[in-house]
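Shown next, in C-alpha cells, is the structure this report addresses.
The values are calculated or read from the model by the stated rules, or taken from the named source; none is laboratory data. Since this is a predicted model, take the numbers as computed values, not measurements. Note that we place each Cβ from the backbone using ideal geometry, even for glycine, and neighbour counts take in every protein chain shown.
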Amino acid sequence: MQKLAQVLPNSIYLATLEAVITRLSNASMSNQWQRWIKRRLGVERSPMWAAEVYQLGVLVSALVLLASLPSRERVPGVLRSVITVVAAYRLIEIMLFALHWVFVDRRPVKDFRRSLLAFCLNLLELALFTTLILFYHAGGYTSTRWRLLYELSSSVFSQSLPTTVGDDSVTRILLHVAIVEAWLLLLVVLAVVVSGITRGELGKNDTTA
C-alpha cells in the first residue's frame, strides 16, 4: 500500500484532469501562436499583447464574417459547415482556456484589470460564435443575425438561457454549452479579482487618508 501511495499522485482526479487539459490546451491555435511569438522574441513568457492580438483578430474576423455573408438561404452547405467547424473550434478553445485557468494555471496574474477586460471579450465571443453556428445552421431561425446576436449576448452576460431562440435539441445543447462556459469564465474572473486583492493591486492607487 505504501508503494502504491508513493506512485499515485495526491489526487487522481486533479492529476488526470490537469494532464488532459494541458495537452489539449497546448495544441490550441492560441497557444501555438504565443509559442511562436516567444521563439521570435527569445523570451520565456509571451508578452501580454500576443494573446490580445490573437483574441482581437479572431473577434474582428468573426464580426466581419457575420456582417458580410449573405442570408443563410444563399450560403452553400459546404460554407455553412466550415463556419460551424471554425466557430465550434473557438468555443472549445475558450472552454479549454477557462478550464486551464481554473484547474491548472498557478502563475500570478500579470495585470488583473487587463485580464478582466479580456474575459469580458471572451463572453462576447461566446455569443458571437454561437450566433454564427445557429444562424447558419440548416434548421434556420426567424431572427435576423443581429437580433440573434443581441439575444445571445444578453443571455451570456446574464448567465441565463434565452427564451426566444429555437427549441430543437442541437440548439438547446449549444446554448447550455455557452452558458456553462460563461459560468466558467465567471469563476476565472473571481479568481483574478481575488488574486489582485491578495497581492494588494486594488489598493496601489488608493490616495485616501
Looking at Val177, Val109, which is the one that is in contact with a Ser or Thr (Cβ under 7 Å, 6 or more places away or on another chain), surrounded by 13 or more Cβ atoms within 10 Å (Cβ to Cβ), of a type in the set (Val, Ile, Thr) and in contact (Cβ under 8 Å) with a residue 24 or more places away in the chain?
Val109
So the helices (runs of 4 or more DSSP H) completely within region 1-115 holding 1 or more residues that are modelled with pLDDT of 90 or more and hydrophobic (A, V, I, L, M, F, W, C) are 12-26, 29-41, 48-68, 77-103
What residue, of Leu63, Leu96, is under 26 Å from Leu190 (Cα atoms), in contact (Cβ under 8 Å) with a residue 60 or more places away in the chain and not charged (D, E, K, R)?
Leu96
Given the criterion surrounded by 15 or more Cβ atoms within 10 Å (Cβ to Cβ) and of a type in the set (D, E, K, R), identify the matching residue among Glu151, Glu73.
Glu151
With the requirement that a residue be of a type in the set (Gly, Ala, Ser) and touching a helix residue (DSSP H, G or I) at 6+ places or on another chain (Cβ under 9 Å), what does region 74-89 give you?
Ala87, Ala88
Find all pairs meeting these conditions: Cβ atoms under 6 angstrom apart; at least six residues apart or on different chains; first residue within region 4-15 and closer than 16 Å to Val104 by Cβ; second residue modelled with pLDDT under 80.
Ala15/Pro9
